[in-house]
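Notes for the one structure printed next.
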Amino acid sequence: VVSSIATAGEPCRIDIVDRDSGWPVPLVELRTTNQLRFVSDNAGRIAFDALELMDQPVWFTVYGHGYSVPADGFGYRGVRLQPTVGGHLTVSVKRTLPAKRLGRITGSGLFAESQQLGLETDWQDQGILGCDSVQNAVHNGRLYWGWGDTTLAKYPLGLFHMLGATTEIRPLDSFEPPVRLRYDYFVGKDRRPRVVAKMPGDGPTWLSGYASLPDDTGVSRLVACYFKIQPPLSVYETGLCVWNEETENFERHRVVWSKATAGGHPPLMPDGHGVRWIDDEGREWLLFGDPFPRLKIPVTFHAWEDPTRWETLTPQRDVPSADGKLSVRPHRGSIAWNAYRGKWVAIFTQYGGDSSFLGEIWYAEAPSPVGPWEKAVKVVTHDNYTFYNPKIHSEMTSAEAPFFLFEGTYTAEFAKQPEPTPRYNYNQILYRLDFDEVDRVLTSMSD
């Protein structure tokens, strides 16, 4: 009897694959006419376990965030399948924009659907359910990671003073899905991931502007600026902090501004994402911006810790689209020098996008990090969902790679009352952008 019950309950495996490449596609939702939702995991798999819908035709509406199927005569985008106990079905979807979704790189259940099917059994989660807004810096031969507010399983309130980890500088063995990125988290005595930036004062601590800079003795120092937050989301103190190599924590280095003593609003800080740049006169700078540079500092720890050495820049406000029909307003993002392209490249969230207020991602290029940024191309969309604070990972690939990687935070916040996507919500998703895909769009616009 036990054996027959187990057999009757075996899910039907549904693979979601890219029609052109055959790659598995994570984050594709299939929804039945009675609103059952199934979302593909990092391997593009769904374990369909609705026994009441087995052995009969079932209509699944497809929601793909940039991946779709053709509409039928009534405008419905979906597929009709006949799931069976222990069966195996495949749904092919068409990618509608240049960037390719590689998968989720934070949170739990990255291969939950696969594991229900008896696959990916070697993968183990790392105890984190959600992570907000990444920071990175290469420091002492490792890639240091930091995330803002973090969701845990034990209570609605999680970690609010930055989660931290390290990996190899190039932590991925493959640049195709499924991605399997594991972190060496900084952990507490209980061996669970812990906070790394608990600055004095009430409220959460957020860090930004990670960088590794040499001090006067030539020793590299990992630095960041911090923000102390009070409800709802207002900053009451900003300052600089430095990584303590022995305690493996960020420590307050100096307060730059305090609302209690100075009033007004926070000053411009070395936040966002830093990039190095040598100007036409041969001087090396660290540029900070989000996405475009608004502050430049000589590449030394001493200059970074001295606000009188900071020089302000005026970032470009809007970027013309490649077809000349739109002026795109960046929200946040990052830039990087790309040797393969021979240009500076940018990825940013559009402020006030069509499908989502903060869910559409654009790519642009410039001959210099200070612009002019031109020919913006939409590369990712998230229908009525937010995808903010995208970060380019140029360190993860070789200079000769004809593509680059970027991640961002996928969250229901700031959208029009969407249903949060199980497991994916409030987590980091990795994308790959191939330059031949960009060129294909640019060519089509010039024809």
Filter the chymotrypsin sites (Phe, Trp or Tyr not before Pro) in region 387-447 down to the DSSP loop ones having no more than 16 other Cβ atoms within 10 Å, then list what survives.
PHE414
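Report, to the nearest whole %, how much of the accessible area of the chain belongs to carbon and sulfur atoms, 1.4 Å probe, protein only.
49
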Rank these by accessible area, largest first, 1.4 Å probe: MET445, MET199.
MET445, MET199
So for region 172-316, Kirkwood radius off the Cα pairs, Stokes-Einstein at 4 °C and 1.567 mPa s: how many µm² s⁻¹?
76
Tell me, what is the FRET efficiency for ARG329 and GLN35 to the nearest 0.05, using R0 = 35 angstrom and their Cβ-Cβ distance as r?
0.50
Karplus-derived 3J(HN,Hα), 6.51/-1.76/1.60, for each residue of region 138-144, Hz, glycine and proline x:
7, 8, 6, x, 10, 9, 8
7 Å from Cα along Cα→Cβ at both ASP306 and THR217: what's the point-to-point distance in nm?
2.0
Hey, what did the chain get for relative contact order, percent, Cα under 8 Å, at least 6 apart?
12
Just how far, in whole angstrom, is region 244-292 from region 142-172 if you go by their alpha carbon centroids?
21
Loop-resident trypsin sites (Lys or Arg not before Pro) in region 371-447 with no more than 12 other Cβ atoms inside 10 Å, DSSP not H/G/I/E/B, are LYS416
If you average the C-alpha positions of region 81-110 and of region 383-447 separately, how far apart do those two centres end up, in angstrom?
17
Cross-link pairs LYS100/LYS416; LYS100/LYS198; LYS189/LYS296; LYS259/LYS375; LYS94/LYS416 - those with Cα-Cα distance over 30 Å:
LYS100/LYS198; LYS189/LYS296; LYS259/LYS375
Efficiency of FRET from Cβ geometry, ALA339 and SER446, R₀ 30 Å, rounded to 0.05
0.75
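For GLU365, what is the net charge nearby, where nearby means another residue's Cβ is under 10 Å from its Cβ and Lys, Arg count +1, Asp, Glu -1?
Details: positive: ARG341, LYS343, LYS375; negative: GLU374.
Every neighbour counted, the sum reads +2.
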Taking amide hydrogens as modeled 1.01 Å from N in the peptide plane, which residues meet the under 5 Å criterion relative to VAL379, leaving out close sequence neighbours?
ILE361, TRP362, TYR363
Ordered by residue, what ³J(HN,Hα) values in Hz, to whole numbers, does region 330-339 give under the Karplus form 6.51 cos²θ - 1.76 cosθ + 1.60, where θ = phi - 60° and Gly and Pro are x?
x, 8, 9, x, 8, 10, 6, 7, 10, 5
Where in region 354-433 are there GluC sites (Glu not before Pro) that are in a DSSP coil and have at most 13 other Cβ atoms within 10 angstrom of their Cβ?
GLU400
Can you give the net charge of the other residues whose Cβ lies under 11 Å from the Cβ of GLN115, counting K and R as +1 and D and E as -1?
-4
Mind checking the angle between helix 435-446 and the chain's longest principal axis? C-alpha axes, 0 to 90 degrees, to the nearest 10.
90
Read phi for every residue in region 169-184 and hand back ³J(HN,Hα) as whole Hz from Karplus 6.51 cos²θ - 1.76 cosθ + 1.60, θ = phi - 60°, with x for Gly and Pro.
4, 10, x, 9, 7, 9, 10, 10, x, x, 8, 9, 9, 10, 10, 9
Would you please give the residues with an amide H less than 5 Å from that of GLN82, counting only those at least 5 places away or on a separate chain, with H modeled from the backbone geometry?
VAL58
Using a probe radius of 1.4 Å on heavy atoms only, what accessible surface per residue do you get for the chain? Whole Å² is fine.
45
Taking the chain and counting helices only, DSSP H stretches of n ≥ 4 at -39,500 (n - 2.57) each over all residues, the nearest-500 ellipticity at 222 nm comes to -1500 deg cm²/dmol
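Between beta-carbons, use under 10 Å as the cut-off and find the net charge around GLY78, counting Lys and Arg +1, Asp and Glu -1.
Net local charge, GLY78 excluded: +2.
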Counting only residues 5 or more places away or on other chains, whose amide H sits under 5 Å from the amide H of GLY272 once H atoms are built in the peptide plane?
GLY209
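The values are calculated or read from the model by the stated rules, or taken from the named source; none is laboratory data. Please read all numbers here as calculations on a predicted model, not as lab measurements. No Cβ is skipped: glycine too gets one built from the backbone with ideal geometry, and neighbour counts run over all protein chains shown. Note: accessible area is taken over every heavy atom of the protein model, side chains too, but ligands, DNA and RNA are not part of it. Shrake-Rupley method; radii C 1.70, N 1.55, O 1.52, S 1.80 Å.
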